[in-house]
1. For segment 126-148, what are the residues that are outside any loop (DSSP other than H, G, I, E, B) and over 24 Å from LEU73 (Cα atoms)?
2. Answer yes or no as to whether ILE52 is of a type in the set (Val, Ile, Thr), surrounded by 14 or more Cβ atoms within 10 Å (Cβ to Cβ), within 13 Å of the chain's Cα centre (by Cα) and modelled with pLDDT of 95 or more.
3. For SER90, are the conditions met, namely being among the polar types (S, T, N, Q), modelled with pLDDT of 95 or more and out of contact with any Leu (no Cβ under 6 Å at 6 or more places or on another chain)?
4. Those residues that are free of Cβ contacts under 8 Å to residues at least 60 places away in the same chain and either within 13 Å of TYR95 (Cβ to Cβ) or basic (Lys, Arg) (or both), I need them from segment 113-146; list them, please.
Amino acid sequence: MTRRKHRVFLLLLCLAAFTVSLFSQDAKMVTVRMLDSRTGKLIATSNFLVRINHLAVQHGDWVHKNEDGTGALALPADSDELSIHATYESATLIYANCDGDKDRGTSDHAAKPEHWYSVATILSSGVVAPNDCVGKKVPERLQVVARPGEFVFFVRELNTAERFRD
């Protein structure tokens with residue numbers, strides 16, 4: 001009877017390992033770098049909110065912080081486009097993404113258009129989202145290049161008026 005339990009346990013363990021390896025083959029791995037829009041320094045966090053394929057569901061547990069401060073994002077195989085934000089101050093406030101900072105002139109904060117990025121492009125050549133927080137002349141320290149499989153975006157903390165509105 002004990003041998004049978006061991007065999008069943010071993011079989012279940014092998015099945016679990018096989019299932020995990022299948023999922024990891026189907027997952028699309030992306031490295032996420034979130035940079036401060038003024039300094040260009042990496043903001044190391046694991047408080048990311050990821051959306052895919054224009055769906056409303058936000059996934060806060062898809063990004064895991066690497067030792068170097070970047071994030072490792074595992075996307076499902078059917079992911080075509082992604083949108084990503086991050087939170088700060090114990091996840092109560094959301095950073096303003098600088099790819100749409102010129103959109104902040106709209107009167108309704110919720111009416112800002114969401115910016116989506118092609119997962120295929122991120123995987124093949126890498127993507128650096130625009131940094132509209134700095135104006136037209138981008139300083140040297142903010143000129144960033146993304147490697148294949150890497151998504152880089154710039155953020156800033158909300159100003160007082162934006163915090164009050166939210």
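1. Residues of segment 126-148 outside any loop (DSSP other than H, G, I, E, B): 127-128, 140-142.
GLU140, ARG141 - these are the residues of segment 126-148 that are outside any loop (DSSP other than H, G, I, E, B) and over 24 Å from LEU73 (Cα atoms).
2. Working: of a type in the set (Val, Ile, Thr): yes; surrounded by 14 or more Cβ atoms within 10 Å (Cβ to Cβ): yes; within 13 Å of the chain's Cα centre (by Cα): yes; modelled with pLDDT of 95 or more: yes.
Yes: the conditions hold for ILE52.
3. Values: among the polar types (S, T, N, Q): yes; modelled with pLDDT of 95 or more: no; out of contact with any Leu (no Cβ under 6 Å at 6 or more places or on another chain): yes.
No: the conditions fail for SER90.
4. Scanning segment 113-146 gives ALA129, LYS136, LYS137.
The values are calculated or read from the model by the stated rules, or taken from the named source; none is laboratory data. Model, not experiment: these values are computed from the prediction. All Cβ positions, glycine included, derive from the backbone under ideal geometry; neighbour counts span all protein chains shown.
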